[in-house]
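Take a look at the structure set out below.
The values are calculated or read from the model by the stated rules, or taken from the named source; none is laboratory data. Not measured: the values here are computed from a predicted model. Glycine gets a Cβ as well: all are built from the backbone with ideal geometry, and neighbour counts include every protein chain shown.
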Amino acid sequence: MLELTEERVIPKKMNPENGLLIEHQARYRFASQYCQGRVLDIACGVGYGTEMLLALGEGIKEIVGVDVEAEVIDYARQHYLHPWITFKVGDAKDKSLVDEIGRFDTIVSLETIEHIKDDYAFIDNLIRLLKEEGRLIISTPFGNGRKEPCANPYHYRQYREEEFRQLLTPFSKVEMHYQINDRIEVAKKDQKYYLMVAVCQR
């Protein structure tokens, strides 16, 4: 049976008022406004967010949800399957993934990159999976810096903003947004945020 962890969100096992759940849902809600055509939800977890993207997005033709854990993909197929959604087991770092699932108009990658040791290779693979002029929506928490110790045992690192922006330099355009609680917005003066959400154009 799939269990909750500090890094796994399972809405059907959580109180709807849970702050972590509300914050994650806010990110998917934000990402949905940019989703069009063929959409990839990379590291989709149990699939609730994949379903949210389909329900809220306009102009979506197909969504593929990919996660490295077979047990969460099994759960996603049981609870969030839809004719326009396909869930697959796959590694976000696998260069051959594009041969299996093709390329996408939109990729959503929420709370993933801090879990991956070779983050630059991960970004390269996302670019490989994007169509020309495709769009990536990617989020990560603020931290003390990529070379600093990270208190979260599940994360390889947490970024300062300039480091996160450096990762995204292969994209032609990057719009940065910031999250506090369930709000995602452009930066406001004197407001402290804990998470960055970038909208990137290939």
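With I127, I101, I138 as the choices, which residue is among the aliphatic types (A, V, I, L, M) and surrounded by 20 or more Cβ atoms within 10 Å (Cβ to Cβ)? Before the answer, list the steps.
Values: I127 fails: surrounded by 20 or more Cβ atoms within 10 Å (Cβ to Cβ); I101 fails: surrounded by 20 or more Cβ atoms within 10 Å (Cβ to Cβ).
That would be I138, the only listed residue that is among the aliphatic types (A, V, I, L, M) and surrounded by 20 or more Cβ atoms within 10 Å (Cβ to Cβ).
Which pairs do you get when a residue that is surrounded by 15 or more Cβ atoms within 10 Å (Cβ to Cβ), found in the stretch 156-183, comes within reach of a residue that is of a type in the set (D, E, K, R) and assigned to a loop (DSSP other than H, G, I, E, B), reach meaning Cβ atoms under 7 angstrom, with the pair 6+ apart or on two chains?
R157/R146; Y159/R146; E163/R146; F171/R202
Quick one: which strands (runs of 3 or more DSSP E) sit completely within the stretch 110-188 and have at least 2 residues that are under 25 Å from G90 (Cβ atoms) and not aromatic (F, W, Y)?
Values: elements: 130-141, 173-180, 183-185.
Hits in the stretch 110-188: 130-141.
Does any residue of the stretch 29-36 turn out to be in contact with a helix residue (DSSP H, G or I) (Cβ under 8 Å, 6 or more places away or on another chain), over 21 Å from H177 (Cβ atoms) and not in a helix (DSSP H, G or I)? So that I can check it myself, show each step before the final result.
Narrowing the stretch 29-36 to residues in contact with a helix residue (DSSP H, G or I) (Cβ under 8 Å, 6 or more places away or on another chain): 29, 31-33, 35.
Those still in the list that are over 21 Å from H177 (Cβ atoms) too: none.
Among the residues of the stretch 29-36, not one is in contact with a helix residue (DSSP H, G or I) (Cβ under 8 Å, 6 or more places away or on another chain), over 21 Å from H177 (Cβ atoms) and not in a helix (DSSP H, G or I), which makes the answer no.
Have a look at L40, L54, L81 and point out the one that is touching a His at 6+ places or on another chain (Cβ under 7 Å) and either modelled with pLDDT of 95 or more or not β-branched (V, I, T) (or both).
Working: L40 fails: touching a His at 6+ places or on another chain (Cβ under 7 Å); L81 fails: touching a His at 6+ places or on another chain (Cβ under 7 Å).
Answer to the selection: L54.
Among the candidates G45, G49, single out the residue that is crowded, with 21+ Cβ neighbours inside 10 Å and modelled with pLDDT under 95. It would help to see each step written out before you state the result.
Details: G49 fails: modelled with pLDDT under 95.
The conditions single out G45.
Give the residues of the stretch 52-98 that are farther than 22 Å from R29 by Cβ and part of a helix (DSSP H, G or I), sorted by residue number.
Residues satisfying the conditions are A70, E71, I73, D74, R77, Q78, L97, V98.
Picking from G90, G65, which residue would you name as being under 13 Å from E51 (Cα atoms), touching a strand residue (DSSP E or B) at 6+ places or on another chain (Cβ under 7 Å) and surrounded by 15 or more Cβ atoms within 10 Å (Cβ to Cβ)? Spell out the reasoning first.
Working: G90 fails: under 13 Å from E51 (Cα atoms).
Going through G90, G65 in turn, the sole match is G65.
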